[in-house]
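> Could you have a look at this structure, given as structure tokens, before my questions?
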Ligand SMILES: Nc1ncnc2c1ncn2[C@@H]1O[C@H](COP(=O)(O)OP(=O)(O)OP(=O)(O)O)[C@@H](O)[C@H]1O
Ligand SMILES: [Mg+2]
């Protein structure tokens, strides 16, 4: 079943009265539930912009976007915000953890916005951190964790509201080779358990983990390759 369908999706940014930047120029894309997809392409080709539209972080200029069968193209910012917190999870290159805030509290954050009781927050955050191998680091602050460990906290945070999709924008961009492999193993395990994974990367070795690689250029899909996922 298709989780994500876009029809002729466009995104334009407007800065000032005269200037218009036409970033996405007609994206037609279908992503099945449970797929693992890597998005590649030159800097400025629109990868992050596409991920932001698909992840409800930004509004569509033109075209249609169906998520889980629902047309979300005309959702307002408020409507987008309300589905964003529960339907999708985000992982970023820079981790985006709150400083001076423990691992477990960082992971509790999306549940606070979702109105989950505090006992349930602690239970689910602990379980999510254990699932990424950080059961013994619950009370560590971000600056007491390695880059790979910080990224694992951000994966746990992305998962606690049990989203259908994990979006990751260059999740290994700040990590050494070994940490990158560990992070990709976690993503692949989550994907085997049924999470849809959509990630941006500049690294062919990282893209290799996914069963599908989409190449963007100048705001259009230039190539869409499918292969058996790496064992
Ligand atoms: N909020 C914004 N307002 C105006 N222009 C933007 C905005 N976000 C992105 N852009 C522009 O849109 C174009 C595509 O940006 P985007 O971030 O999607 O590229 P990218 O493919 O992710 O690049 P990179 O590999 O460098 O991360 C760029 O020219 C960028 O300057
Ligand atoms: Mg980008």
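> How tilted is helix 77-87 with respect to the longest principal axis of the chain? Cα atoms for both, answer in degrees (0 to 90, nearest 10).
Around 50 degrees separate the two axes.
> Arrange the peptides 80-92, 144-156 so that the one whose residues have, on average, the most other Cβ atoms within 10 Å appears first.
On the way: 80-92: 18.5, 144-156: 21.3.
Averaged packing, sorted descending, gives the order 144-156, 80-92.
> For the peptides 167-179, 62-74, what is the packing order when you average, over each peptide's residues, the other Cβ atoms within 10 Å and list the highest mean first?
167-179, 62-74
> Counting pairs of alpha carbon atoms under 8 Å apart in space and at least six apart in sequence, what relative contact order in percent does the chain give? Write down the numbers at each step before the final one.
On the way: 452 pairs, mean separation 62.5, N = 231.
About 27 percent, as a whole number.
> While we're on this one: So what is the calculated 222 nm ellipticity per residue for the chain, using -39500 (n - 2.57) for each DSSP H run with n of 4 or more, over all residues, to the nearest 500 deg cm²/dmol?
Values: 7 runs with 77 residues, N = 231.
Calculated from helices alone, the mean residue ellipticity at 222 nm is -10000 deg cm²/dmol.
Read-outs throughout are calculated quantities, based only on the coordinates presented, and are distinct from any laboratory measurement. Here the structure is a predicted model, which is why all the values come from computation and not from measurement. Every residue, glycine as well, gets a Cβ built from its backbone with ideal geometry; the counts of neighbours run over all protein chains shown.
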